[in-house]
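Asks: Before we start, here is the structure in question, set down as structure tokens.
We did not get these values from a lab; they are worked out from the coordinates using the rules stated. Predicted model, so just to flag it, every value in this text is computed and none were measured. Heads up, the Cβs are rebuilt from the backbone with ideal geometry, glycines too, and the neighbour counts pull from every protein chain shown.
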Amino acid sequence: MATEPNAPARRKISQTQWILISMVIGILAGWLLPAAEHPNVTAFARTLSTVFLRLIKTLIVPLLFSTLVVGIAGHGDDMRRVGRLALRSIVYFEVVTTIALFLGLGAVNLVKPGAGISLSSASADVAQGYAATKITFAGVIEHAVPQSFFEAAAKNEVLQVVLFSILFAVALARVQGRPRQVMLEFCESLAEVMFKFVAIVMAFAPWGIGGAIAVTVGASGITVLKSLAILVLTLYGTLVVFVLCVLLPVALIFRVPIRPFWRATKEPWLIAFSTASSEAALPLMMQNLERFGIPKRIVAFVLPAGYSFNLDGSTLYLAIASVFAAQAGGIDMTFGQQLLMMLTLMLTSKGVAAVPRASLVILAGALAMFNLPLEAIAVILGVDAFMDMARTSINLMGNSLATAVMARWEGEFPENPGEVVPT
């Protein structure tokens, strides 16, 4: 049947809208079909989430390797140029994460979410495994250097893959003739294929995200938020303040156009929030920032490096959670003691991305070091999934802004940033 000339065209539902719809369905499914009563439904939802996250993880290493090599070796960069970008990135990371740490310290002392929380029924046993893992600055440096690229790739060690790729690209830039051209063409082809791979995996994103949300709500339940609502609201409120009072001014100072930047980052941000996984959003964020106009070499270096050195949401969370433990245990820490603990967290949190359940590992280590009650970990675990969603999404947003800032600082920010239209 022919379409009438004046008939209105049907509006296609965008990928972002599908993700929002799946989040709502996931919340309703988890609430109406809790895990305790409907284990089969929860198992199916967990399978959807796991499949999506595994598909994402298969993308990360080949995407990082190919884009970094092409970005550095393909444009004739030398170690001096790479070193300058690295130094500027580290300075920026340190300043912003320090602000996040002290903003969290101020919020937890103002609101006092731990006051009135009882730890008598909580067990410290659940935290012993986290506390047993010792994080040191030397250990973080050693961990950054891979002993095998294939081992790092198999374990998705982002920082190790980035370091290997940078050294490989610098070496390739020194090679002349056909060997260099062959390797560059291979990496360019690999990068192009992997970005098409991203598009295929993103088609499954609403299913995986809906499953992840359903598992979180179905396992923890909405009611678990009531007893620790002040803690959760303190974190969410402080993260909002951090975005408005730190990230937004940084964007304005470095003349990053807010609306186009948000259009480029909102879909990866939704993925990071709903799955509580920065890795899940990394490939799409890299793709969108390049479409936004930021050079490939800057995107491929700064965004992954931020996963270890610029975790704004996680550092802010650590400040709140550590002092919360003291308040819940009835321990009155002096400002000097809190300051010392913040300085310790500033160092130990730099390796946070390299450890499973890293934020809890860092937190447990800090509590043990300052003789604070480990029982607080058991209490926090009840709502950690909800807090993880918030801190992970802010980690990603902070890293994507850092990428734009470095592009401006390097004088390579696009004059007319591209509009990233939702798929």
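Asks: Got a sec? How would Thr334, Thr98 order by Cβ neighbour count within 10 Å, fewest to most?
Replies: Result, fewest neighbours first: Thr334, Thr98.
Asks: Ile13 to Arg81: extension gain in nm, 0.36 nm per residue of separation minus the Cα-Cα distance?
Replies: Between Ile13 and Arg81, full extension yields an extra 20.2 nm.
Asks: Using all Cα-Cα distances in segment 15-409, what percent lands in each 10 angstrom bin from 0 up to the longest?
Replies: Going out from 0 Å in 10 Å bins, segment 15-409 shows 5, 22, 32, 26, 12, 3, 0, 0 percent.
Asks: Can you sort Ser148, Ser274, Ser89 by how many other beta carbons sit within 10 Å, fewest first?
Replies: The fewest-first ordering by Cβ neighbours comes to Ser148, Ser89, Ser274.
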